[in-house]
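To start, the structure itself, in structure tokens.
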Amino acid sequence: MFVLLPLLLTGATFAASTPPNPWNADQLVQPEILAQALKQSPNGKPPFIVHVGFGVFFKNGHIPGSVYAGPTNSPAGMDLLRRAVEHLARDYPIVIYCGCCPLVKCPNVRPAFRELRAMGFKNVSLLNLPDSLDKNWISKGFPNVK
């Protein structure tokens with residue numbers, strides 16, 4: 001209280017701590033679209049799907065065919081992400097997701113998205129999970145592997 005009191009008296013305000021999104025609306029993939037792509041990809045190749053969240057969530061349920069890269073808010077997770085995609089052509093479609101928490105608060109998707117773009121990947125998308133993987137994917141009956 002003693003630290004906050006001078007700030008309150010001066011009218012200081014606090015900015016939201018969520019960093020800006022590195023993606024645009026066209027780079028958000030809706031769950032229905034990805035689920036359909038898993039069933040039938042037009043060119044026979046589904047996108048490369050990478051889970052960039054915590055291992056416990058991946059073990060409890062993940063999108064079929066997705067690769068675990070670990071939480072990319074850590075150097076170890078970022079290294080796993082780099083190794084997971086290093087073999088891909090830079091124009092191959094990549095979809096990342098976490099789903100541990102609401103998208104606006106997720107500590108993993110922004111660093112992962114930025115890193116993939118910095119590595120030269122041109123076709124990076126983010127699965128739009130506004131609430132969580134459980135609520136926006138699993139509970140809607142989309143494919144899930146445990």
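Considered as a group, the residues in segment 106-146 that are among the basic types (Lys, Arg) and part of a loop (DSSP other than H, G, I, E, B) include one that is surrounded by the fewest Cβ atoms within 10 Å (Cβ to Cβ), and that residue is LYS146.
Scanning segment 67-105 for residues being within 22 Å of LYS122 (Cβ to Cβ), assigned to a helix (DSSP H, G or I) and touching a Gly at 6+ places or on another chain (Cβ under 6 Å) gives a total of 1. Within segment 59-91, track down each residue that is surrounded by 17 or more Cβ atoms within 10 Å (Cβ to Cβ), small (Gly, Ala, Ser) and out of contact with any helix residue (DSSP H, G or I) (no Cβ under 7 Å at 6 or more places or on another chain). If the condition is that a residue be surrounded by 17 or more Cβ atoms within 10 Å (Cβ to Cβ), small (Gly, Ala, Ser) and out of contact with any helix residue (DSSP H, G or I) (no Cβ under 7 Å at 6 or more places or on another chain), then SER66, GLY77, ALA84 are the ones that fit. Would you say PRO64 is in a loop (DSSP other than H, G, I, E, B), out of contact with any Phe, Trp or Tyr (no Cβ under 9 Å at 6 or more places or on another chain) and under 28 Å from GLY141 (Cα atoms)? Here the answer is yes, as PRO64 does meet what is asked.
Where a number appears in this text, it was derived from the coordinates with a stated rule and is not lab data. Computed from a predicted structure; not experimentally measured. Neighbour counts run over all protein chains shown; Cβ positions are idealised from the backbone, glycine included.
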